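Report on the following structure.
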Amino acid sequence: MDPELLSDTFVGLADTMVADFDVIDFLHMLTDRSVALLAASAAGVVLADPRGELRVAAASSEAAGLVELFQIQNDQGPCLDCFRTGQPVTAADLADADQRWPRFAAAAVQAGFRTVEALPMRLRDQVVGALNLFRAAPSPFAAADLRIGQALADVATIGLLQERSLRRTEILAEQLQGALNSRVIIEQAKGKLAERLGLDMDASFKLLRDHARNSNQRLTDVARQFVGSAAADFPPPARRSPRA
């Protein structure tokens, strides 16, 4: 194993703070380096989407990607068991007659793979996917290689979760700023409407909100349209009928 390549891989997987971080390129680096470092024939990554359903995220070869897709579509295979249990799953020789996953085993062997090792991508109790290592020969991975493979999967998982956390933080910040901007527009519309129609601020806000609901528009959009208009085209408040 190349120590320099191993060190460079861990540094690359840990560095998700760069401004142009690309998740897909990141995952392809994980699969390519897993092949190079662990003497695998191919590698693939499956990740859970927001609904918890697995998706093929990256593969070092077209064949590996198709095998990954096959096991997801058929709900059968070591990577699914790995994801569901959060534990490594070994298929030492997929050509064995008594396979746990007969449809998957047949498809994998046909694609040129005899051995599969599925490693969980997890942080504590949170499992986000699996890193799957393939070999063309029925040759199980050495324990030392599996420790390195799991370490690569662990570092990649931390990087992914950190990137997701940063993205959520940015989204929340954008939403907060959007809410504050909307509030400013609404206050401007309230003041303009109050002055134009001789209303107090509470009454002008009620008129804005009622108009937004009745016209099936967002309150912010109604306020922005009104602030930007020069004509007095906003519906006046309904007049009360005189008491008898």
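The values are calculated or read from the model by the stated rules, or taken from the named source; none is laboratory data. Nothing here was measured: the structure is a model prediction, and the numbers come from that model. Neighbour counts run over all protein chains shown; Cβ positions are idealised from the backbone, glycine included. Only protein heavy atoms, including side chains, enter the accessible area calculation; ligands, DNA and RNA are left aside. Shrake-Rupley method; radii C 1.70, N 1.55, O 1.52, S 1.80 Å.
Things to note:
- The residues of the range 63-155 present an accessible area of 44 Å² per residue when probed at 1.4 Å with all protein chains retained.
- The packing ranking of peptides 106-116, 81-91, highest mean first, is 106-116, 81-91, where packing means the average number of other beta carbon atoms within 10 angstrom of each residue.
- Nearest-10 value in Å² for the accessible area of Asp210, using the 1.4 Å probe: 50 Å²
- A cut-off of 5 Å between modelled amide H atoms, ignoring neighbours fewer than 5 places along the same chain, links Leu123 with Val128.
- Within-13-Å neighbourhood charge of Ala130 [Cβ basis; K, R +1; D, E -1]: -1
- Computed over the range 16-119, the quotient of the alpha carbon radius of gyration and 2.2 N^0.38 Å is 1.08.
- Carbon plus sulfur fraction of accessible area for the range 65-133, probe 1.4 Å, in percent: 48 percent
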